[in-house]
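Below: one structure, written as structure tokens.
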Amino acid sequence: LYPLARSLKRTDSPARGWLFLSAVPIQVDWLLGVAGIWDNTQVSRFLTGALLGATAGFFIVPGLMDVLQIDWRRFFAKSGTDEPQSKTTPPPPAPVVSGRVVESDYGSPSSRI
């Protein structure tokens, strides 16, 4: 239904009011059933749900098409400037507090609280 009404290249959504307006029949159907005024049948549930689902497609498809048009390769490409650190890099010096060296406990996680 969507490609017949709008181009898949469009990434703008209709006004939100249309989505809320299409939800009114399903709410009325439910409310009348709960109040005992109307017995909502499988047909009424199907028709009101189909209306809401078809309308929701006009909001979901543009978002999906926008995501699919992103060049994802640039997010996962390796940059040539960042070189991984070699395994032979010496550890940073331990901090000095009032003339004595303070050892870090990050090397033994079991001793931490």
Self-check item: Residues (part of a helix (DSSP H, G or I) and open to solvent by less than 50 Å² (accessible area, probe 1.4 Å)) located in the stretch 20-51
Solution: S22, A23, P25, D29, G33, S44, T48, G49, A50
Quiz item: Got a number for residues in the stretch 21-49 being under 21 Å from F59 (Cβ atoms) and among the hydroxyl-bearing types (S, T, Y)?
Solution: 2
Quiz item: Among V43, V34, V24, V102, which is modelled with pLDDT under 65 and of a type in the set (A, V, I, L, M, F, W, C)?
Solution: V102
Quiz prompt | Close pairs (6 angstrom Cβ cut-off, 6 or more residues apart or separate chains): outside any loop (DSSP other than H, G, I, E, B) in the stretch 5-16, open to solvent by less than 80 Å² (accessible area, probe 1.4 Å) and of a type in the set (D, E, K, R) anywhere | solution = none
Quiz prompt | Matching residues, the stretch 42-52, being touching a helix residue (DSSP H, G or I) at 6+ places or on another chain (Cβ under 9 Å) and not basic (K, R) | solution = S44, L47, T48, G49, L51, L52
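The values are calculated or read from the model by the stated rules, or taken from the named source; none is laboratory data. Model, not experiment: these values are computed from the prediction. All Cβ positions, glycine included, derive from the backbone under ideal geometry; neighbour counts span all protein chains shown. These area figures cover heavy atoms from the full protein model, side chains too; ligands, DNA and RNA do not enter into them. Shrake-Rupley method; radii C 1.70, N 1.55, O 1.52, S 1.80 Å.
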